[in-house]
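The structure appears right after this line, and notes come after that.
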Amino acid sequence: MNIGLFIPCYVNQLYPNAAIATLELLQKFGADVTYPAKQTCCGQPMANSGYEHLTQSCNDLFVENFSKFDYIVAPSASCVLHVKDHLHSHADEAAATEIRGKIYELVEFLTDVLKIEKLDAHFPHKVGIHQSCHGLRGLHLAQMSELIAPDFSKPRHLLNMVSGLELTELDRVDECCGFGGLFCIAEEAVSVKMGKDRITDHTKHGAEYITSPDLSCLMHMEGILQRNKSKVKIIHIAEILNSSSIKA
Amino acid sequence: MKSTLDHAALAEEFNKDEERVDWHDGALWWIRQKRDRSAHQTPQWEELREAASAIKSNVISNLHDYLIQFEENLKKNGVKVYWASDAEEHNQIVYSILKAKEIKQMVKSKSMLTEECHLNEFLEERGIEVINSDLGEYIQQIDNEPPSHIVLPCIHKRKEEIGELFHEHLGTEKGLSDPTLLTRVARKHLRNVFLTRRAALTGVNFAVAETGEYVVCTNEGNADMGAHLSEVQIASMGLEKIIPERKHLGVFLRLLARSAIGQPITIYSSHYKKPRPGQEMHLILVDKGRSNLLARPDFRESLKCIKCGGCMNTCPVYRKSGGLSYHNTISGPIGAILAPNLDMKQHADLPFASTLCGSCSNVCPVKIPIHDQLYKWRQEIVKQGYSASRKTFSMKAMALTLSSPEIYKTAGKTGRWLLNNAPFAINNKFNPWYKQRDMPDSSQQSFGEWYAKNGSKK
Ligand code: SF4
């Protein structure tokens, strides 16, 4: 199985360790992973701001970079959802359609495609899961609190395989953190308040780490944590799942 | 009444008092939890939502026929029917009905539509006094403030503030803030209003095409008291309130109060059909942008709304910014998708007052894809030229960079592109990111660089 690794622009620049962990994790399960060097971005920052019409050449480039793979995997729920919902191409719509069906966020790839049931990972900490809204309500990585349906959680399923790790609870299991792309700038006051409240929910339940399949949410919460000199850290889920190979 | 500030600015004001934000957020979250509990106790909740959505799809697709059927049945029942294309026409109709009977005072209940039409102001300018008889709306009226929530109009006010208002306007003792006592005072005052008003206006929750009856759902019973004591009964309804048959009420009545406040059903679900002997009944069908919305395929599903307010209670942005920051009669997620249809320029900020988290769409009893519509309104607003030119410029620059691996790479290597384009990377006090958040660490080598060195070894 050959996999195209899609590393969103801000992860590439600011969270290289999460990208490395994603690559190593996939390789551990025997996947043949390639990182196409000419990739840039999924176009979401523009589209969510109302400028979807400007994303055409960005989309074409995405198609060019990724159409040849069996699967495309990315450590970012939000970007994956954007591609799934909005990738279209004037140049090659058939290829774009195919990509929309074969792109996966890392967690769902591990649980749904590789169907892993065992992990050799060790992370002796108290960890709270932040359900990114796009991962949750867009990609259905877990049951949503608003709907009446059986409970499940793909991130929790994976984290339960990590030795030493203790999951912490939340009062509001899937409330938004307030990042929201340009929302975090345009609506600074509400965005920060939402982030603070999410963090408080985690810290009052004793979390040492907040993890998520989405780094954009984590980046926003990290900014608030560090400003307030908190000891609580953020960590991408790939780094926990790959933690036997890094010093925890 | 219209504020010149946009949602972000008004929300920032609201957030200056953090303790108040916590209280507001908590009050609405409590209602969301009540909604969750009652939804969990209802067998086939999701099937009910599906059914409600399907019934409303049918209504939207056949609105013309159902409206004609409804009108015919209303007339058979002896109700006078009017059609109003906009607020002005609606208000004129109400005025002419009252004027013909020389009525100078009217009691009003359960009507967001007349709030939207600014009926009170219109009539007051013409010498007719209107009293909102529902407690929350009454409180907002004496405070001369629009409702902040479609079901809980004064949810943003604390009981002490209401006590203060009552002290000022109704002469209660200073410092009295016990809700039961305050309600008693209001009730006593309103009782007299009911007894002396000859005309009563209500809104409509559901209009049954099959029978020509309409249903008004309330907890306080004021709509009924007003209607029963009046000689002129007026109902104002938006065109979309139609349901085809009476049996469909079984679906909607089970959903409405549960979605709104977690109550199995409203205390009163009153069916109005025929005037009493000696009474007049009038019904005004109001378009006010509805047919326009019907003509927008991307947005017409918002006509399914049954105004339960559930999307507001669940919306973290609503809870943490307050309904008044939406500067529109209907606030919250549903307000943000309805308002641009009426005036895209004036409400251009509202579809952006969301993180697109999608919780609203999940609670909506008629399954309106609210967050998808917010996304689509953003596209529409930009296309129509209602976004700042500075934003358009930077978006174009971003599009250019992201469509060229060469530019992106050079930019990325120096880190300059990200520093200039990503809001979180500029370290100064003018950057809204930095105001209350630290910057992410941008000093490391990028994954791309690491991969070029190490990737092939793996
Ligand atoms: S959009 Fe849906 S959730 Fe919101 S008020 Fe209307 S019916 Fe209720």
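The values are calculated or read from the model by the stated rules, or taken from the named source; none is laboratory data. For clarity, every value in this text was computed on a predicted model and none was experimentally measured. Using ideal geometry, Cβ is built from the backbone for each residue, glycine included, and neighbour counts are taken over all protein chains shown.
For the reader, a short list of remarks on this structure follows.
- A:S49 being more than 7 Å from chain B (Cβ to nearest Cβ), of a type in the set (S, T, Y) and closer than 30 Å to B:D349 by Cβ: no
- Residue selection: B:P275 satisfies the criterion of being away from the ligand (no atom under 16 Å from the Cβ), part of a loop (DSSP other than H, G, I, E, B) and in contact with a strand residue (DSSP E or B) (Cβ under 7 Å, 6 or more places away or on another chain).
- Listing of helices (runs of 4 or more DSSP H) fully contained in segment B:352-444 that carry 3 or more residues being within 27 Å of B:L10 (Cβ to Cβ), of a type outside the set (V, I, T) and modelled with pLDDT of 95 or more: B:359-363, B:370-383
- Qualifying residue in segment B:227-240 (condition: at pLDDT below 95 and either polar (S, T, N, Q) or not assigned by TED's automatic domain parsing to the domain that holds B:S61 (or both)): yes
- Filter pass, B:K367 being under 18 Å from the mean Cα position of the chain (by Cα) and more than 9 Å from every other protein chain (Cβ to nearest Cβ): yes
- From the options A:I103, A:I99, residue that is touching a strand residue (DSSP E or B) at 6+ places or on another chain (Cβ under 7 Å), under 18 Å from A:P213 (Cα atoms) and β-branched (V, I, T): A:I103
- Leading residue by the ranking (farthest from the other protein chains (Cβ to nearest Cβ)) among those in segment A:202-230 that are in contact with a strand residue (DSSP E or B) (Cβ under 8 Å, 6 or more places away or on another chain) and more than 24 Å from A:A19 (Cα to Cα): A:G206
- Hits in segment A:177-205 - residues which are β-branched (V, I, T) and either free of Cβ contacts under 8 Å to residues at least 12 places away in the same chain or in contact with a Gly (Cβ under 6 Å, 6 or more places away or on another chain) (or both): A:I185, A:T200
- For segment B:121-170, filtered to residues that are among the β-branched types (V, I, T), closer than 21 Å to B:V185 by Cα and out of contact with any strand residue (DSSP E or B) (no Cβ under 7 Å at 6 or more places or on another chain), the residue that is surrounded by the fewest Cβ atoms within 10 Å (Cβ to Cβ) is B:I142.
Yes/no per residue for (1) at pLDDT below 95; (2) out of contact with any His (no Cβ under 8 Å at 6 or more places or on another chain):
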position: B:A87; (1), (2): no, no
position: B:Q92; (1), (2): no, yes
position: B:I97; (1), (2): no, no
position: B:C117; (1), (2): no, no
position: B:E124; (1), (2): no, yes
position: B:N132; (1), (2): yes, yes
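- Pairing each residue of segment A:152-176 that is more than 26 Å from B:D25 (Cα to Cα) with any residue that is of a type in the set (G, A, S), provided the two are 6+ apart or on different chains, yields C-beta distances under 6 Å for A:S153/A:A142; A:V162/A:A121.
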